[in-house]
Amino acid sequence: MIGSTRNVAVWAYPAPADLRNGYDGLAALVTATLRRDPLSGDCYVFTNRPRTRAKVLVWDGTGLCIDQKRLERGRFACLWERERGGIVTLTMSELALFLEGATVLARLPLSPARVTLGPVARGRGP
């Protein structure tokens, strides 16, 4: 299972990608285009031009992993047109729907925003 917690962000590459790329090629796209760290633990989604194949690059704490899927019928949603070349972020639920080949109709914020914990203040007890 890819990224089982809500703290994992999903970033979609904003253009068709050459899916012949492996770990290093996809990591270079993440660094150069998305300006993100591929070793952050977040998921990075890539699709080919006809949107029949997709790859997800993720760091699992010990190494880079690539999950890939080929649709036998239909196409993946076109993530790069949604933001007109901008970087698209998805939730883990949206990633699961995307990989199932679901059609993107609209996005409604159903979950609270991602929570980032800061340092814990230590106070004196009673």
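Please treat every number below as a calculation from the coordinates, not as lab data. Computed from a predicted model, the values in this text were never measured in an experiment. Cβ sites come from the backbone with ideal geometry, for glycine too, and all protein chains shown count toward neighbours.
Show me 90-101, 16-27, 64-75 ranked by packing, highest mean number of other Cβ atoms within 10 Å first.
The densest-packed peptide leads the list: 90-101, 16-27, 64-75.
Quick one, can you get me the convex hull of the C-alpha atoms of the stretch 7-99 expressed as volume per residue in Å³?
So the per-residue Cα hull volume is 89 Å³.
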